[in-house]
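Structure in structure tokens, see below.
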Amino acid sequence: MKTGIDAISFDVAKIHLPINTLAKARNIEPEKLEKGLGLIKMTLPDTHQDTVVFGANALTKLILDNNINLNEIARIYVGTESAIDSSKPISSFLIALMEQKFGANTLSECDVVDFTFACIGGVDAMQNCIDFVKLNPTKKAIVVTTDFAKYDLNSTGEYTQGAGALAMLITSTPRIIAFENNWATSTKGVFDFFKPYRTISKTAITGNPTNEPWFENLENEVEIHKDQPVFDGQYSNQCYMDRTRDAYFSFKKLKNTTETVYDSWKSIVMHLPYAFQGRRMLSEIYALDASNTIISGDEEASEYQNKLKEISKSEAYKEFINEKLMPAEIASSLIGNLYTGSIFMGLLSTLAHFYDTEKEISDSKFGFLAYGSGSKSKVFEGTIQPEWKLAIAGVNLFETIEESFKIDFDTYNKLHKKEQKTSIQTPKNEWALDRIENEIPNLIGARYYKWVD
Ligand SMILES: CC(=O)CC(=O)SCCNC(=O)CCNC(=O)[C@H](O)C(C)(C)COP(=O)(O)OP(=O)(O)OC[C@H]1O[C@@H](n2cnc3c(N)ncnc32)[C@H](O)[C@@H]1OP(=O)(O)O
């Protein structure tokens, strides 16, 4: 029996800042961002958008475009690291909004939950849904990934920002990709990138909240949460490289093979925090698993690093990247980081690229290298199904991204600092944040959304 992705949809933020605008404002060489990291645009949420809105839009599209009967959906599992509540999961909001649009009680027997493990939470959600469908082949599940990758102004993460969601239907008759049963994992508890709660004194808070009745009831010490992570960029790259390498070689063991596994993959889909992360990180696996092993791994540390640099600059490696990784990078360059959704956007970008260039890829194998900070990697593979073209025909990935609205640096600053109070674009045929309750004591902070025709 097969299990995998039967249908896919997406919703990414519809406004963007060109990377060279940011480069000029920050006095960074544009070539570093464009040619070194592969960045072209970064997408940003409008004032009426948050991770519930992106997730609800992607899910609504999936349901409408594929005529999904909600009574058949047994699970909606969400991958996110941009929760808007410490208790109520995004999946709980999604259930309410889908019932608002498609009818009361249509999902009342559906199991829903959020998965959080930085950027790999979406892959964890999918693996669970796949296992569930394997045990219950007549049932269907949906995975939603939704995130807002927001970084501090002037930080090294600033140019990798992005926002949006994907939704995928998981069935035992997948039209897009069927996953094999080998899932290799590598885990280590580290602090490469995280979003801690921080404690501050109540007296440190000034301004409007001090006039609010709920503020008076707070303890003297207050926990605050910031969307932007605490991170060490270069260390996070090292953790990414170490985990993906270890998971890759565990995958070889699971498959019980001494062959070069990536040779059997038509495309390699990796977590892309920015477009060129995959190509910068893969040279070690490329070198260690080459049929003619290019490095032994026993070299002195500095010699080893020099060899990796040399390999990544070689013509053979560039050809390898162009053939196996480049299609996944296209969308990433135009969107930025989607955290949990990045690897699935890489898959969609690859499929859309082959669709647009009229390449037939049925029956070819794709390899997946997932990563989440904190840290964990999973390596797995799947086979593209004969109906993949039909299944993605209406998705219109590149056409939709092309319509994104360009903003200037001043507007970007206001959005980032939450000083922009009105929508840049009027929502149409989509969900929008309506209001956040600020008066009724037992509903303080509740978020309400509306569908805008
Ligand atoms: C966050 C997640 O989603 C989870 C993860 O994956 S963790 C791993 C990734 N970490 C992150 O994304 C954290 C946030 N990001 C960051 O901190 C940073 O953006 C980063 C660490 C990813 C990059 O850091 P940086 O200091 O800006 O760039 P740096 O590492 O020096 O690389 C610049 C590249 O541009 C190249 N470059 C510089 N100037 C150039 C020019 N003029 N022309 C062409 N290339 C140029 C450099 O040679 C270098 O490439 P190579 O190493 O491949 O040769």
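The values are calculated or read from the model by the stated rules, or taken from the named source; none is laboratory data. The structure presented is a predicted model; accordingly, all values stated were derived computationally and were not measured. Don't worry about glycine lacking a Cβ; one is built from the backbone with ideal geometry, like all the others, and counts go over all protein chains shown.
Residues that are closer than 17 Å to F115 by Cβ and either modelled with pLDDT of 95 or more or touching a Phe, Trp or Tyr at 6+ places or on another chain (Cβ under 8 Å) (or both): find the helices (runs of 4 or more DSSP H) completely inside the stretch 1-105 holding 2 or more of those. Steps first, answer last, please.
Numbers: elements: 19-26, 51-65, 90-102.
Those helices (runs of 4 or more DSSP H) span 51-65, 90-102.
Also: Pick from the stretch 159-182 the residues that are of a type in the set (A, V, I, L, M) and within 30 Å of P30 (Cα to Cα): which of them is surrounded by the fewest Cβ atoms within 10 Å (Cβ to Cβ)?
Within the stretch 159-182, the subset of a type in the set (A, V, I, L, M) is 163, 165-170, 176-178.
Checking the rest, the ones that are also within 30 Å of P30 (Cα to Cα) come to 163, 165-166.
Working: A163: 32, A165: 34, L166: 30.
Top of the filtered list is L166.
Looking at the stretch 156-178, which of its residues are touching a Pro at 6+ places or on another chain (Cβ under 9 Å), within 16 Å of the ligand (Cβ to nearest atom) and either part of a loop (DSSP other than H, G, I, E, B) or closer than 14 Å to I73 by Cα (or both)?
Within the stretch 156-178, G157 is the sole residue that qualifies.
Between residues in the stretch 297-323 that are without any contact (Cβ under 8 Å) to a residue 60 or more places away in the chain and residues that are polar (S, T, N, Q) and in a helix (DSSP H, G or I), which pairs lie under 7 Å by C-beta distance while being six or more apart or on different chains?
L308/S283; I311/S283; S312/S283; Y317/S283
Which residues, taken from the stretch 130-155, are part of a helix (DSSP H, G or I) and free of Cβ contacts under 8 Å to residues at least 40 places away in the same chain?
Quick first cut of the stretch 130-155, residues part of a helix (DSSP H, G or I) only: 130-135.
Passing the criteria: D131, L135.
State whether the residues of the stretch 260-270 include one that is within 14 Å of the ligand (Cβ to nearest atom) and part of a helix (DSSP H, G or I).
No, the stretch 260-270 contains no residue that is within 14 Å of the ligand (Cβ to nearest atom) and part of a helix (DSSP H, G or I).
Identify the residue in the stretch 206-234 that is assigned to a loop (DSSP other than H, G, I, E, B), away from the ligand (no atom under 16 Å from the Cβ) and touching a residue at least 12 places away in the same chain (Cβ under 8 Å) and, among all such residues, is farthest from S373 (Cα to Cα). Quick ask: steps written out before the conclusion?
Pass one, the stretch 206-234, residues assigned to a loop (DSSP other than H, G, I, E, B): 206-207, 212, 217-220, 226-229, 232.
The next check asks that each one be away from the ligand (no atom under 16 Å from the Cβ); those that pass are 206-207, 212, 217-220.
If we keep only those that are touching a residue at least 12 places away in the same chain (Cβ under 8 Å) as well, we get 212, 218-220.
Values: E212: 37, L218: 32, E219: 32, N220: 32 Å.
Here the residue is E212.
Given the conditions (1) more than 16 Å from the ligand (Cβ to nearest atom); (2) part of a helix (DSSP H, G or I); (3) in contact (Cβ under 8 Å) with a residue 40 or more places away in the chain, report the number of the one that D124 does not fulfil.
The failed condition is (1).
If you don't mind, another one. In the stretch 344-380, which residues are under 15 Å from the mean Cα position of the chain (by Cα) and within 21 Å of H16 (Cβ to Cβ)?
F344, M345, G346, L348, S349
Restricted to the stretch 240-257, and to residues that are of a type in the set (A, V, I, L, M, F, W, C) and within 16 Å of the ligand (Cβ to nearest atom), which residue is farthest from F179 (Cα to Cα)? It would help to see each step written out before you state the result.
Filtering the stretch 240-257 down to residues of a type in the set (A, V, I, L, M, F, W, C) leaves 241, 247, 249, 251, 254.
With the extra rule that they be within 16 Å of the ligand (Cβ to nearest atom), the set shrinks to 241, 247.
Working: M241: 24, A247: 17 Å.
Ranking the qualifying residues of the stretch 240-257, first place goes to M241.
Which pairs have Cβ atoms under 7 Å, sit 6 or more apart or on different chains, and link a residue in the stretch 29-57 that is within 16 Å of the ligand (Cβ to nearest atom) to one that is at pLDDT 95 or above and of a type in the set (D, E)?
G38/E329; I40/E34; T51/D147
Further, regarding this structure: Show the residue pairs that are 6+ apart or on different chains and have beta-carbon atoms under 6 Å apart, the first residue being within the stretch 235-246 and within 16 Å of G297 (Cβ to Cβ) and of a type outside the set (K, R), the second being near the ligand (Cβ under 9 Å from one of its atoms) and at pLDDT 95 or above.
M241/M281; T244/Y371
Among the residues of the stretch 190-205, how many are away from the ligand (no atom under 16 Å from the Cβ) and over 24 Å from L153 (Cα atoms)?
To start, the set of residues in the stretch 190-205 that are away from the ligand (no atom under 16 Å from the Cβ) comprises 197-205.
When the remaining residues are screened for being over 24 Å from L153 (Cα atoms), the result is 201-203.
Result for the stretch 190-205: 3.
Would you check if N237 is within 20 Å of the chain's Cα centre (by Cα), surrounded by fewer than 16 Cβ atoms within 10 Å (Cβ to Cβ) and either within 16 Å of the ligand (Cβ to nearest atom) or assigned to a loop (DSSP other than H, G, I, E, B) (or both)? Full working, then the answer.
Working: within 20 Å of the chain's Cα centre (by Cα): yes; surrounded by fewer than 16 Cβ atoms within 10 Å (Cβ to Cβ): yes; either within 16 Å of the ligand (Cβ to nearest atom) or assigned to a loop (DSSP other than H, G, I, E, B) (or both): yes.
Spelling it out, N237 is indeed within 20 Å of the chain's Cα centre (by Cα), surrounded by fewer than 16 Cβ atoms within 10 Å (Cβ to Cβ) and either within 16 Å of the ligand (Cβ to nearest atom) or assigned to a loop (DSSP other than H, G, I, E, B) (or both).
Give me the residue from the stretch 320-352 that is in a helix (DSSP H, G or I) and polar (S, T, N, Q) and, out of that set, surrounded by the most Cβ atoms within 10 Å (Cβ to Cβ).
T340
Taking the condition of being more than 18 Å from A13 (Cβ to Cβ) and touching a strand residue (DSSP E or B) at 6+ places or on another chain (Cβ under 8 Å), how many residues in the stretch 301-342 meet it?
So in the stretch 301-342, the residues more than 18 Å from A13 (Cβ to Cβ) come out as 301-329.
Filter again for touching a strand residue (DSSP E or B) at 6+ places or on another chain (Cβ under 8 Å), leaving 324-325, 327-328.
Counting residues in the stretch 301-342 that are more than 18 Å from A13 (Cβ to Cβ) and touching a strand residue (DSSP E or B) at 6+ places or on another chain (Cβ under 8 Å) gives 4.
So if I check each of S283, S314, which one is surrounded by fewer than 18 Cβ atoms within 10 Å (Cβ to Cβ), closer than 29 Å to T156 by Cα and within 16 Å of the ligand (Cβ to nearest atom)?
On the way: S283 fails: surrounded by fewer than 18 Cβ atoms within 10 Å (Cβ to Cβ).
Only one candidate qualifies: S314.
K309 is checked against (1) within 14 Å of the ligand (Cβ to nearest atom); (2) at pLDDT 95 or above; (3) of a type in the set (D, E, K, R) and fails just one. What number does that condition carry?
Exception for K309: condition (2).
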